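Report on the following structure.
Read the figures in this text as sums done on the coordinates, not as results from a lab. Just so we're clear, the structure is a prediction, and the values are computed from it rather than from any experiment. Neighbour counts run over all protein chains shown; Cβ positions are idealised from the backbone, glycine included.
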Amino acid sequence: MDVEFIKKEFKKIQNFFYIGDYEKVIEKTKVLLKKDNSQIPFYNLLGLSYRQLGKNDLAEDIFKKGLKKFPNNISILSNIGALCRVLGRYKEAEEFLKRALEQNEKSFIALCNLANVKREINQNDKAIELYEKAYKINNRNETILKNLAGAYQIGNKFEQAKKLLLEMNDQFPNNASADQMYSSIHTYKENDDHRTNMIKKLNNSDLSKENLAFLNFAIAKSYTDIKNHSESAKYFVKANDIYFSLLKHYNFEKEKKLFEIIKNHFNNFTFRNLEQNHEPKLIFIVGLPRSGTTLTHQIISSHSKVYGAGELTILNDLFNKRIFDNDFIKLFNEEINNNSDFKELSNQLYGKFKQFNEKIILDKAPLNFRWIGFIKLLFPSAKIIHCKRNLKDTALSIYKNVFDGGSLPWSYNQKTLVEFVNMYKDLMAFWRDKLPEQIYDCEYENLVNDQVNETKKLVNFCNLSWEENCIDYTKNDTGIKTVSISQARKPIYKTSVKLSDKYINYLDFLKNID
């Protein structure tokens, strides 16, 4: 094929990719690869486009075809490694990325992607080491600055994170995610230079809507620190309204349907043969976000027999994709113990949990409360801890935070936030009725007021022997990846109890929660 023609077509396809027209990229690259399958960039662009469209099987197929022809190509190895990470296949991801680094130990993309894998599997020190190597190669890349700062945060290296975020702010002033990350680990005073600079930045017409939302969240947090609740509330409302306006394709009716399907399926179901008195293989911490799940995670994962895995996506990835599939739901029926397909699913899922560690795995993904019935069928000996907190305080804390990748779209709108809280209350009442004595309610207010006794109750519920480590959880070096990143590193404090009282006159939705 003519070299000049390929160059021209490549530029066109690149442009389609940059503007997000992935269907066009796929259309044109498929034609070109049929004519000439020796063009490495086309494999990458085609595979990445499929990935952007959520067609991961097709993306993997293209990358593997590219690897068959070019087994040592760094870019293809890096891309398939990154894809395996997204799919939760961490060992495969590492293998591909290490192969890439064998070709070039200074490959920026391979170092970054391997660091991402290490961060996912809670090897944060190794992630930092890899990010730092990449940073030395290119310290003017937005992604590496943000990821390294995030790894420093996870590792309780807040000063290093803040320094890097200010560096990111200087180089990329329109990327307000740096401001938002900085605000989460900085304690503001009355006359704080960072707040002053952020307020000035609000007048920057070049800011995208997403960055404007980040900026408003950060400014709101700065006013929270100095207890100016009226100003704080004003900016939180702006931040949430802007962010919610970006979620154009979000359909809250689908959330309602999901809850309805769950209740309908288990309505006439009777749970049998549930183990209670054995040491579990899995522990799940569930509840609303911001209800004390991270604190509880740090306490229990301080036990020598428990591995705190953080918020795993294993169950959400499965059920969010298949909960509307009638054939899938049929797996969970009264003849479950004789169902080989069900047993296979249980074993596969358990294998995904155990890839992290051989200890008892602790998963603190809060929204797993939706899957409690499925959890007790799949893993009868699993322990379920439900974190409860004053609902007004919980809803306020949810509203005050921005979550990764818009992962909780209902949280940015006052109406849907209230509705989701009500659906949560209803479903938890349903589970308690169906599974008496199988769910431990950990009351946040009791935990902060009587830490020792409440911690002993938690450990006892998990059928674990008592260890003093669980009291001094601040020594726990388990990485924290949630928005509770700074709070969970501190000793227990009570200042957030009844904080919603300070906002009740500024945020009307709080009056609709009880």
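Things worth noting here:
- For segment 414-478 and segment 30-45, distance of Cα centres in Å: 53
- With N the number of residues in segment 181-246, Rg(Cα) / (2.2 N^0.38 Å) evaluates to 1.04.
- Local net charge near Phe356, Cβ-Cβ under 10 Å (Lys/Arg +1, Asp/Glu -1): 0
- Considering only Phe252, Asn147, Ser340, the residue lying farthest towards the positive end of the dipole of the chain is Asn147, judged by Cα position with unit charges set on Cβ.
- Residue order, fewest to most beta carbons within 10 Å, for Thr270, Thr29: Thr270, Thr29
- Compactness index (Cα Rg / 2.2 N^0.38 Å), the chain: 1.02
- Peptides ranked, highest mean first, by Cβ atoms within 10 Å: ranges 221-229, 392-400: 392-400, 221-229
- Low-density loop positions, trypsin sites (Lys or Arg not before Pro), segment 1-84 - DSSP coil, at most 11 other Cβ in 10 Å: none
- Cβ-based exposure ranking for Phe342, Phe353, in which fewest neighbours within 10 Å come first: Phe342, Phe353
- Efficiency of FRET from Cβ geometry, Tyr440 and Asn320, R₀ 25 Å, rounded to 0.05: 0.50
- Only helical runs count toward this figure. For the chain, summing -39,500 (n - 2.57) over DSSP H runs of n ≥ 4 and dividing by all residues gives -18000 deg cm²/dmol at 222 nm.
- HN-Hα J in Hz across segment 109-123 - Karplus 6.51, -1.76, 1.60, θ = phi - 60°, x for Gly and Pro: 5, 5, 4, 4, 5, 5, 4, 4, 5, 4, 5, 5, 9, 6, 9
- Each Lys or Arg adds one and each Asp or Glu takes one away; over the other residues whose Cβ falls under 9 Å from the Cβ of Ile13, this sums to +3.
- Charge dipole (debye, nearest 20) of the chain; +1 at Cβ of Lys and Arg, -1 at Cβ of Asp and Glu: 760
- Ordering of 355-368, 235-248 by packing [mean C-beta count within 10 Å, highest first]: 355-368, 235-248
- Cross-link pairs exceeding 21 Å in C-alpha to C-alpha distance, out of Lys163/Lys221; Lys35/Lys98; Lys254/Lys511, comprise Lys35/Lys98; Lys254/Lys511.
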